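What follows is a single structure, written as C-alpha cells, with notes after it.
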Amino acid sequence: MQRPICEVTNVTKCFGQLRAVNDLSISIENGKITGLIGPNGAGKTTLFNVIAGVLKPDKGKVFSRGRDITNLKPYQIARMGIGRTWQLIRIFPKMTVMENLMIAANLKTGNTHKKAIELLELFGLIDQKTNYADELSIGHQKMLSVARTLMFDSELMLLDELAAGVDPSEEVVIMQQIHELCEQRGKTFFIIEHDMDIIMNHCDKVICMNFGQKIAEGSCEEVKNNEKVIEAYFGT
Amino acid sequence: MKFTRKYKIKQVTSEKIGSSDKKSWPYAIALIPISFLIALPYISSPYVISVCFMLYVYTGYSVGWNIMSGLTGYVNFGYSLFIGIAAYTSVLLIIDLGVWWPIGWFLGGVSAAIVAIILGSFMLRLRGSYFAIGMLALLLGIKLLYSSKYLAPLTRGGSGFPFIEPLNLTTMYYALLFLTVLLVFISHKIITSNFGSKLIAIREDEEGAESIGINATSNKITAFALSAFFGGVISSGHIAFQNYIEPESAFNILLTIVPIVMVLLGGPGTIWGPVLGATILTFVEEFLWSYFITTYMMIYGIIMVLLVLLMPGGIIDWLKNRGTLPKTRAI
C-alpha cells in the first residue's frame, strides 16, 4: 500500500498567544477528495500554509510519502507534487491569461500549450487569452486561478475556498474537472470549503477543525451528525 | 531524471507564451537607427558623438537596472554600487596591470556580478522598501570604503586619480554602441524566456510564484548578478570616457536615479521601455540644458512629474493599453 501523500503529525502553530493549529494530526488518503471544514478562525488556512511550506510549524512534522517535508521551502514542496490555491485570488495580474497558465506549466511535461488551450476553452476564457489577467472580471479571475491549478496538476492539490465567488454553472465545471482528475488520474484533493453542498456532494472524507484542533473526521454523514461539529457551527 | 529535466525545460521554452513573442520585427525596425548610428562618427561633430556616447551609457544602465528591478519589482537604489566597483576594477586592471581594455571592461562587469551574488544572497531576503533602503545604505558604505585609507593603496583614496585608457573617442563610441545593442538583444532574450516569465511572476506575487515551484531566491540572485554585470560593463566604458576616477563620481547616486527615471518613463519590465526612456531623457536634458541653463532642472522635473502622473506604467504600457502596441512581451 502506498504511503499517504500528506501526513501531518502533532502540528502546532502559534501566532503570539494564539494557537492557530493545536497538536493536530491528520492523514490525507491518496486518490480521494478530502474536505476540511470549520468555522472562521478554526485554523484551516494556517494548516494549508504549514503543509505548503509557507509557515513553519512550532511543533510537529509534515510528511509526504514518508519523507519529512516540514522544513522544505514552498517551491520544493510544489516540486514534490503538492500544489495549492489561495483563499484570495492570486493570479499574476500583469501577465496575460495564457502566460498565467504557461508559467504554471513550469514543472509539467507533455503538450502544455494544448493543455492550456483546452483549459481556456473549458472555462470560457479562450477569447481573452491575450488580455492581461487583471482585465478579467472577478469571476473570470477565479476561473483562471482554478485553471492554473489544473494546469499545474500536482499529485496533491490544496484548494482553499475554490468555489467562493464562482457562479453555480462554473462550479459544476470545476467539480467535474476535480472528479475527473481524481478518478481517472488518481490525483488527491484536499479542499477547504464553506459551501456544505460541495462538501457533502463531492468529498469522500471530511475533517472538521475548531480552535486549531480536529474535532471530527469521517464520512460526510458521520461528520454532519457529529455533535461537536453541530456545536461548533450552531453553538449549544 | 536528467532526461526528464531537460525535456521539461525544452517544452516550456519552446511553447511558452504564444507565438507573438517570437516575432523579429522589432529588430528589423531597430536596424534603421543602428545603421545611422554606425555612420554617425563620419558625418557629425565630436559634440554629437559625445551626446550619443552618453545616450548609450544611460541606455545600458537602464537596461541593466530593468533586468533586476523592472522584472522582479525589487527596486535597487544601490545600482551605482556595481557601477563604481566595475569602474574601479576595469581601470585598475587596464592602467595598473596593463590588461587589454576589452578584457578589462569584461572583468569589470564580472567583478560587479560577483559582488551582486554575494550581496544578493542576504540582501534579497529583504523586500520592498527594506531592500531599497538596504541597498542605498550599502552603496554609501562601500563608497566610504573606497575612499578610506584601507583601500588607498589600490584606489588612491578619496581624491582619486587621472588616467588615460589606450583608446580614442571613436573607438569608445563604437564599443559602447556595440555593447548597448548587445545588452538590448540579451535583455530581449531574457524577457521573452522562461526565466523572464519567472522573474515577472516573482514581481506579481512572490508567494504565488513559489507555490507553483519557482525558486524565487535563485532566480532573483541570477537577475541581480546579470543586472550588475550589464551595469558594470557599461560603467567600464563610461569611466574610460571620463579619464578620471574617484569614489564620489564612480559611486554617484545619480547613476542610479537617472536610469530609474528613464526606466519608469519608458516602461519597467519591458524591452524597449528603458531604451525609449533613455533616448527621450538624454535628448530632452541636453536640449533644456542648452537653452534654459538656469531653469532646466526645474523644467525637467515638471516634465517628469507630468509623465509619471499621466503614464504611471511608462510609455510602452500606455501604448499597449491604448491598443497602439500589441500586448506582447517582445516589445
Next item on the list: Tell me, please, whether a residue that is touching a residue at least 12 places away in the same chain (Cβ under 8 Å), surrounded by 14 or more Cβ atoms within 10 Å (Cβ to Cβ) and under 16 Å from the mean Cα position of the chain (by Cα) can be found in segment A:213-236.
Entry: no
By residue number, the members of segment B:111-126 that are in a helix (DSSP H, G or I) and buried (at least 18 other Cβ atoms within 10 Å of the Cβ) are B:Ser111, B:Ala112, B:Ala113, B:Val115, B:Ala116, B:Leu119, B:Gly120, B:Met123
The condition from (1) over 22 Å from B:Glu165 (Cβ atoms); (2) surrounded by fewer than 24 Cβ atoms within 10 Å (Cβ to Cβ) that B:Pro259 misses is numbered (2)
When restricted to B:Thr72, B:Thr89, the only residue over 29 Å from B:Pro153 (Cα atoms), surrounded by 22 or more Cβ atoms within 10 Å (Cβ to Cβ), touching a residue at least 12 places away in the same chain (Cβ under 8 Å) and more than 13 Å from the chain's Cα centre (by Cα) is B:Thr72
By residue number, the members of segment A:100-112 that are more than 7 Å from chain B (Cβ to nearest Cβ) and closer than 26 Å to B:Lys320 by Cα are A:Asn100, A:Leu101
A:Phe152 meets each of (1) surrounded by fewer than 22 Cβ atoms within 10 Å (Cβ to Cβ); (2) closer than 24 Å to B:Glu206 by Cα; (3) modelled with pLDDT under 85; (4) at the interface with chain B (Cβ under 9 Å from one of its Cβ atoms) with one exception, condition (1)
Residue in segment A:113-122 that is within 14 Å of chain B (Cβ to nearest Cβ), surrounded by fewer than 21 Cβ atoms within 10 Å (Cβ to Cβ) and over 27 Å from B:Lys327 (Cβ atoms) present: no
When segment B:302-329 is checked residue by residue, the ones that are hydroxyl-bearing (Ser, Thr, Tyr) and surrounded by 14 or more Cβ atoms within 10 Å (Cβ to Cβ) are B:Thr328
Note: among B:Ala201, B:Ala223, just one is more than 28 Å from B:Ser50 (Cα to Cα), within 14 Å of chain A (Cβ to nearest Cβ) and buried (at least 20 other Cβ atoms within 10 Å of the Cβ), namely B:Ala201
A careful count of residues in segment A:133-149 that are surrounded by fewer than 20 Cβ atoms within 10 Å (Cβ to Cβ) and within 12 Å of chain B (Cβ to nearest Cβ) gives 2
Verdict on A:Pro4 being in a loop (DSSP other than H, G, I, E, B) and either farther than 19 Å from A:Gly218 by Cβ or polar (S, T, N, Q) (or both) = no
Of the residues in segment A:74-99, those that are farther than 23 Å from A:Lys187 by Cβ and at the interface with chain B (Cβ under 7 Å from one of its Cβ atoms) come to A:Phe92, A:Pro93, A:Lys94, A:Met95, A:Thr96, A:Met98, A:Glu99
Restricting attention to segment B:204-220, the residues that are touching a helix residue (DSSP H, G or I) at 6+ places or on another chain (Cβ under 6 Å) and either at the interface with chain A (Cβ under 8 Å from one of its Cβ atoms) or not charged (D, E, K, R) (or both) number exactly 9
* Asked: Quick one: is B:Arg329 within 14 Å of chain A (Cβ to nearest Cβ), basic (Lys, Arg) and more than 17 Å from B:Gly70 (Cβ to Cβ)?
  -> no
Looking across segment A:160-171 at residues that are surrounded by fewer than 24 Cβ atoms within 10 Å (Cβ to Cβ) and in contact with a helix residue (DSSP H, G or I) (Cβ under 7 Å, 6 or more places away or on another chain), the single one that is nearest to A:Cys6 (Cα to Cα) is A:Asp160
In segment A:101-132, anything closer than 20 Å to A:Gly165 by Cα and under 21 Å from the mean Cα position of the chain (by Cα) is listed as A:Leu119, A:Leu120, A:Leu122, A:Phe123
Conditions (1) modelled with pLDDT under 90; (2) over 16 Å from A:Lys13 (Cβ atoms); (3) of a type in the set (A, V, I, L, M) -> A:Ala42 fails only (2)
By residue number, the members of segment A:77-97 that are charged (D, E, K, R), touching a strand residue (DSSP E or B) at 6+ places or on another chain (Cβ under 8 Å) and over 18 Å from A:Ser137 (Cα atoms) are A:Arg84
Would you confirm whether any residue within segment B:288-300 is outside any loop (DSSP other than H, G, I, E, B) and under 16 Å from the mean Cα position of the chain (by Cα)? no
Within segment A:174-218, residues more than 23 Å from A:Leu119 (Cα to Cα) and of a type in the set (S, T, N, Q) come out as A:Asn201, A:Asn210, A:Gln213
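The values are calculated or read from the model by the stated rules, or taken from the named source; none is laboratory data. Fair warning: this is a prediction, and the values are worked out from it, not measured in the lab. When we count neighbours, we look across all protein chains shown, and the Cβ atoms used for this are built from the backbone with ideal geometry, even at glycine.
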